[in-house]
Amino acid sequence: MTTISGEIGAPACGPILTTHKLSKSFGALRALSDVTLTLRPGEAVGIVGPNGAGKSTLLGALSGAFEPSNGSITFDGRNVSGVTSDQMCKLGLVCTHQIPKPFGGLTTFENVRVAAAFGGVGDAGADEKAYETLKLCRILPIANREAETLGLLDRKRLEVARAVATSPKVLLLDEVGGGLTDAEADELVGIIKAIRASGTAIIWIEHIVHVLLQVAERLICMDAGRIIANGAPDAVMKDPAVMKAYLGHGVA
């Protein structure tokens, strides 16, 4: 079992999240190679890159879905390398899924309440936290609907709401805009902007770049498990290495 080092509850000094030479291999496949990054409290960072670049693997390592092969992760002033996803959620870092997975047989409200009770407020404050989160994520009108009957946009909003209900300091979003129309994606952007305005730091993977750029103040591009560009969104998207990763040799 991994031991969490550092004082529990200690405030973050400097970045809220850092990785140092983070690597992950699945057998002979090296999905992440020496990824070093930082996230400041309240910052919104977008991650782009072609399919197979290692983006979702990075979020999986950060959120505790699997243990890194090498390197380290520091969150809120403590070493959390190898900490499990349920522990990471308790500490204040949570990740959404690409495909929404609501708890079957429960209403929208009950789904969010379960997350709130598991998170920082406990059972006593779960009803109030669930109500506030449903309102923030614009799904209060469907609070009593069975979650399994919801359409894609509402499922996406519920997926985000369950994560937010745990009171995260860092929210990891994995392609929450996938499959949505432009109008639906814009509505989701409004929700994510509101979440960020509450002080939550965000790392967001998204293939719909124009949607991502409405929120992200900094952009990271990955390719073949490595970070190949990191900086202001305009500069990153014009970087020859980024253009080559997306469009192939000779384009840049």
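Laboratory data are not the source of any read-out in this text; all were calculated from the coordinates shown. All values derive from a computational prediction rather than experimental measurement. Glycine also receives a Cβ, built like all others from the backbone with ideal geometry; neighbour counts cover every protein chain displayed.
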*Summed side-chain charge close to ALA232 - residues other than ALA232 whose Cβ falls under 14 Å, Lys, Arg +1, Asp, Glu -1*: -2
*Under a cut-off of 18 Å between alpha-carbon atoms, report the lysines in cross-link reach of LYS90, not counting same-chain residues fewer than 8 places apart.*
LYS129, LYS169
*Straight-distance crosslink candidates among aspartates and glutamates, where the alpha carbon sits under 15 Å from LYS156 and sequence neighbours closer than 8 are dropped*: GLU146, GLU148, ASP174, GLU175, ASP182, GLU184, ASP186, GLU187, GLU206
*Once amide H atoms are placed 1.01 Å from N in the peptide plane, what residues at a sequence separation of 5 or more from ARG40, or on another chain, have their amide H within under 5 Å of its amide H?*
ILE16
*Springs between alpha-carbon atoms under 10 Å, Gaussian network over the chain: tell me which of GLY82, GLY105, GLY54 tops the mean-square fluctuations.*
GLY105
_Per-residue HN-Hα couplings for the stretch 63-74 [Karplus 6.51, -1.76, 1.60; θ = phi - 60°; Hz; x = Gly/Pro]_ = 8, x, 5, 8, 8, x, 6, 8, x, 9, 10, 10
*Antiparallel content of DSSP bridges confined to the chain, in %, to 5*: 55
*asked:* Within a 10 angstrom radius of the beta carbon, how do ARG157, ARG196 rank from fewest other beta carbons to most?
replied: ARG196, ARG157
*Taking amide H positions as placed 1.01 Å from N in the peptide plane, with prolines and chain starts having none, which residues 5 or more places from THR107, or on another chain, fall under 5 Å of its amide H?*
ALA147
*Under a GNM of the chain (C-alpha, springs under 10 Å), which listed residue has the highest mean-square fluctuation: LEU158, LEU180, LEU39?*
LEU180
*Looking at the chain, which longest stretch skips every one of the chymotrypsin sites (Phe, Trp or Tyr not before Pro) that is in a DSSP loop with at most 16 other Cβ atoms within 10 Å, leaving the sites themselves out?*
104-252
*DSSP-assigned coil residues among GluC sites (Glu not before Pro) in the stretch 184-252, each with at most 11 further Cβ atoms within 10 Å*: none
_Using a Cα-Cα cut-off of under 22 Å, which lysines could be cross-linked to LYS24, ignoring same-chain neighbours fewer than 8 residues away?_
LYS55
_Nearest-ten-degree value, helix 182-197 long axis tilted from longest Cα axis of the chain_ = 80
_Give me a comma-separated list of calculated 3J(HN,Hα) values for the stretch 101-109, in order, Karplus coefficients 6.51, -1.76, 1.60 applied at θ = phi - 60°, integers in Hz, x for any Gly or Pro._
10, x, 5, x, x, 10, 6, 4, 4
